[in-house]
Amino acid sequence: QVQLTESGGGVVQAGGSLRISCAGNFQRTFARYAVGWYRQAPGKERKFVASISRYGDDTKYADSVRGRFTISRDNAEARAYLRMNNLRPEDTAVYYCNGGTYADLWTPKTFTSWGQGTQVTVSP
């Protein structure tokens with residue numbers, strides 16, 4: 001099972017940009033897993049944000065972020081990224097990453113365990 005650690009969150013004004021990272025535990029096995037990004041606002045359900053296939057040839061995005069966010073990965077560095085542009089206050093949430101079979105990443109209910117995530121706060 002891949003272990004992933006999120007980092008790079010912070011506070012940004014509306015309209016600003018931020019890139020958050022997802023680091024795998026072993027470079028040797030990182031490419032075995034497609035990676036998804038998810039977010040959870042206080043009092044709300046965790047929701048799918050974006051996903052990327054094992055070698056980065058295919059991506060998926062939630063309607064709410066399509067055109068603003070870009071998911072990418074660097075298997076040699078055992079990292080995946082989420083570049084967030086034109087941020088809105090409604091993007092404020094704890095952002096999580098997780099790995100698995102690409103076709104199963106569309107829902108956070110695929111996973112039974114999560115890391116601590118990274119907080120992204122967008123001020124108006």
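The values are calculated or read from the model by the stated rules, or taken from the named source; none is laboratory data. Keep in mind it's a predicted model, so treat the numbers as computed, not measured. So basically every Cβ, Gly included, is an ideal-geometry build from the backbone, and we count neighbours across all protein chains shown. When the accessible area is computed, the model is the full protein with side chains, heavy atoms only, and any ligands, DNA or RNA have been set aside. Shrake-Rupley method; radii C 1.70, N 1.55, O 1.52, S 1.80 Å.
Among the chymotrypsin sites (Phe, Trp or Tyr not before Pro) in the stretch 65-124, those placed in a DSSP loop whose Cβ has at most 13 other Cβ atoms within 10 Å are Trp106. Across the chain, the mean sequence separation of Cα contacts (distance under 8 Å, 6 or more residues apart), normalised by length, yields a relative contact order of 36 percent. Rounded to the nearest whole Hz, the Karplus-based 3J(HN,Hα) values (6.51 cos²θ - 1.76 cosθ + 1.60, θ = phi - 60°) of the stretch 19-30 follow the sequence 10, 10, 10, 9, 9, x, 7, 9, 4, 4, 10, 4, with x at glycine and proline. Rounded to the nearest whole Hz, the Karplus-based 3J(HN,Hα) values (6.51 cos²θ - 1.76 cosθ + 1.60, θ = phi - 60°) of the stretch 116-124 follow the sequence 7, x, 9, 7, 10, 10, 10, 8, x, with x at glycine and proline. With Cα atoms defining each centre, the stretch 91-107 and the stretch 12-57 are spaced 6 Å apart in the structure. The mean accessible area for residues of the chain, using a 1.4 Å probe and ignoring ligands and nucleic acids, is 55 Å² per residue.
Trp106 to Asp74: FRET efficiency via 1/(1 + (r/R0)^6), r the Cβ-Cβ distance, R0 25 Å, to the nearest 0.05? Walk me through the numbers on the way to the answer.
Details: r = 23 Å, r/R0 = 0.92.
Computed FRET efficiency for Trp106 and Asp74: 0.60.
When the label point is put 7 Å from the Cα of Gln116 along its Cα-to-beta-carbon vector, which residues of the stretch 66-85 have a backbone N closer than 18 Å? Backbone N within reach: none found.
Under a Gaussian network description of the chain, with springs only between Cα atoms under 10 Å, the residue in Pro108, Pro42, Pro89 that fluctuates furthest is Pro42. From the Kirkwood radius over Cα pairs of the stretch 33-75, Stokes-Einstein at 10 °C and 1.306 mPa s returns a whole-number translational diffusion coefficient of 143 µm²/s.
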